[in-house]
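Q: Below is the structure I would like to discuss, written out as structure tokens.
The values are calculated or read from the model by the stated rules, or taken from the named source; none is laboratory data. Only a predicted model underlies this, so the values are computations on that prediction, with no experimental measurement involved. Quick reminder, even Gly has a Cβ in these numbers, built from the backbone with ideal geometry, and neighbours come from all protein chains shown.
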Amino acid sequence: MNPVLEARGVGKLYAPDVQALVDVDLAVAAGETVALIGESGSGKTTLLRMFNRGEQPSSGSVLVRGKDLAGSDPIELRRRTGYVQQDGGLLPHWTVERNVSLVPELLGWDAARRRERAGELLEQVGLDPAVHGPRYPASLSGGQRQRVAFARALAADPEVVLLDEPFGALDALTRAELQQEFLSLKERLGKTMLLVTHDLDEAFRLADRVAVLRGGRLVQVGEPQTLRAQPADPYVSALLQRAGVSS
Ligand SMILES: Nc1ncnc2c1ncn2[C@@H]1O[C@H](COP(=O)(O)OP(=O)(O)OP(=O)(O)O)[C@@H](O)[C@H]1O
Ligand SMILES: [Mg+2]
């Protein structure tokens, strides 16, 4: 495999007694979606943010397309990496259209091109640009805000998309609908994606491979059927049973 995203022996120490990641090895291939799953505090967001230099490793290295991120320009990296934050992270005083145009604006696209691209993306995620484009995030439902966050992450057609619990705060119906949307975008766009979730069932449905974090350590990485057939340890077995997805 010639990975697009790679963590090699990554450790993260926030404080002497807060070890968020311990010796994590993970590689994500081009066009692959890997789900990061684990309990609250297991290090999912920390690991995700390594790939856009939102965090720096305390040990080990993080590579994108084989290039070590240490010493790379974080701004340039973020411009070519889509990111859906844990809380959506839309700018409240910007309209939906401008939120979606954030990266194209940073890239210096002219207004007409930005507007056209924002309209295209809002349609792709199931929102009407004429209706929703001029509105502010506060006037949208939670599901609509997540759609806008998706659109924003895709705006500059990044190769890599990082998603932090994009369906976390939604009711079951909206969640199911957006998961469906996610799958169809995944098929159509073929991006390399890392998706954080604490829901194993969701991970199994949306990802090609699933990586299980526990206390900052990766305990297993594999395809859903591999986890089902050969859970690495009793922790993974228990996780599967609780989610009702064990074989
Ligand atoms: N900026 C920070 N400073 C100090 N400790 C931090 C910081 N960010 C995270 N941590 C700690 O690192 C550990 C991992 O946090 P992280 O946010 O990566 O977990 P998570 O798996 O994303 O959890 P959740 O499911 O609740 O979002 C936790 O113990 C957390 O308290
Ligand atoms: Mg998190």
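Q: Working only within segment 167-213, note down all residues that are closer than 18 Å to residue 43 by Cβ and assigned to a loop (DSSP other than H, G, I, E, B). Steps first, please.
A: First, the residues of segment 167-213 that are closer than 18 Å to residue 43 by Cβ: 168, 194-200, 203, 207, 209-213.
Selection gives 168, 198, 199, 207.
Q: Please pick out the residue among 174, 226, 197, 192 that is crowded, with 17+ Cβ neighbours inside 10 Å and more than 22 Å from residue 90 (Cβ to Cβ).
A: Going through 174, 226, 197, 192 in turn, just one is crowded, with 17+ Cβ neighbours inside 10 Å and more than 22 Å from residue 90 (Cβ to Cβ): 192.
Q: Regarding segment 59-69, can at least one residue be identified that is in contact (Cβ under 8 Å) with a residue 60 or more places away in the chain, among the hydrophobic types (A, V, I, L, M, F, W, C) and within 13 Å of ligand 2 (Cβ to nearest atom)?
A: The answer is no; no qualifying residue exists.
Q: Another question, if that's okay. Yes or no: residue 55 within 16 Å of ligand 2 (Cβ to nearest atom), farther than 18 Å from residue 162 by Cβ and in contact with a strand residue (DSSP E or B) (Cβ under 9 Å, 6 or more places away or on another chain)?
A: no
Q: Can you find, within segment 126-180, the residue that is modelled with the lowest pLDDT among those that are more than 20 Å from residue 103 (Cβ to Cβ) and in contact with a Pro (Cβ under 8 Å, 6 or more places away or on another chain)?
A: Among those that are more than 20 Å from residue 103 (Cβ to Cβ) and in contact with a Pro (Cβ under 8 Å, 6 or more places away or on another chain), it is 178.
Q: Given the condition assigned to a strand (DSSP E or B), away from ligand 1 (no atom under 16 Å from the Cβ) and under 27 Å from residue 219 (Cβ atoms), answer yes or no: does some residue in segment 85-94 qualify?
A: Looking through segment 85-94, none of the residues is assigned to a strand (DSSP E or B), away from ligand 1 (no atom under 16 Å from the Cβ) and under 27 Å from residue 219 (Cβ atoms).
Q: If I filter segment 1-9 for residues that are within 13 Å of ligand 1 (Cβ to nearest atom), hydrophobic (A, V, I, L, M, F, W, C), under 26 Å from residue 204 (Cβ atoms) and surrounded by 22 or more Cβ atoms within 10 Å (Cβ to Cβ), do I get at least one hit?
A: no
Q: Could you list, in sequence order, all residues of segment 123-142 that are in contact with an Asp or Glu (Cβ under 7 Å, 6 or more places away or on another chain) and either free of Cβ contacts under 8 Å to residues at least 24 places away in the same chain or part of a helix (DSSP H, G or I) (or both)?
A: Taking segment 123-142 as the starting set, the residues that turn out to be in contact with an Asp or Glu (Cβ under 7 Å, 6 or more places away or on another chain) are 125-126, 129, 133-134.
Matches in segment 123-142: 129 only.
Q: Ok, one more. Within segment 34-53, count every residue that is within 13 Å of ligand 1 (Cβ to nearest atom) and in contact with a Pro (Cβ under 8 Å, 6 or more places away or on another chain).
A: Of the residues in that region, 1 qualify.
Q: Next question. Since residue 91 meets every condition but one in (1) within 23 Å of residue 25 (Cβ to Cβ); (2) in the same structural domain as residue 151 (by TED's automatic domain parsing), which condition does it not meet?
A: Just one mismatch for residue 91, condition (1).
Q: Looking at segment 76-84, is at least one residue within 21 Å of residue 153 (Cα to Cα) and within 16 Å of ligand 1 (Cβ to nearest atom)?
A: Keep residues of segment 76-84 that are within 21 Å of residue 153 (Cα to Cα), which gives 76-84.
Retained after the next criterion (residues that are within 16 Å of ligand 1 (Cβ to nearest atom)): 83-84.
Yes; the residues of segment 76-84 include at least one that is within 21 Å of residue 153 (Cα to Cα) and within 16 Å of ligand 1 (Cβ to nearest atom).
Q: Name the residue that is modelled with the lowest pLDDT, counting only residues in segment 219-245 that are outside any helix (DSSP H, G or I) and over 23 Å from residue 32 (Cα atoms).
A: 244
Q: Please state which one of 183, 173 is away from ligand 2 (no atom under 16 Å from the Cβ), out of contact with any Leu (no Cβ under 8 Å at 6 or more places or on another chain) and not hydroxyl-bearing (Ser, Thr, Tyr).
A: Numbers: 183 fails: out of contact with any Leu (no Cβ under 8 Å at 6 or more places or on another chain).
That would be 173, the only listed residue that is away from ligand 2 (no atom under 16 Å from the Cβ), out of contact with any Leu (no Cβ under 8 Å at 6 or more places or on another chain) and not hydroxyl-bearing (Ser, Thr, Tyr).
Q: Among the residues of segment 81-139, which ones are in contact with a strand residue (DSSP E or B) (Cβ under 6 Å, 6 or more places away or on another chain) and of a type in the set (Val, Ile, Thr)?
A: 81, 84
Q: Kindly establish whether residue 117 is buried (at least 22 other Cβ atoms within 10 Å of the Cβ) and outside the structural domain of residue 196 (by TED's automatic domain parsing).
A: On the way: buried (at least 22 other Cβ atoms within 10 Å of the Cβ): no; outside the structural domain of residue 196 (by TED's automatic domain parsing): yes.
When the stated conditions are applied, residue 117 does not pass them.
Q: Could you tell me whether segment 50-66 includes any residue that is assigned by TED's automatic domain parsing to the domain that holds residue 7, buried (at least 21 other Cβ atoms within 10 Å of the Cβ) and in a strand (DSSP E or B)?
A: yes
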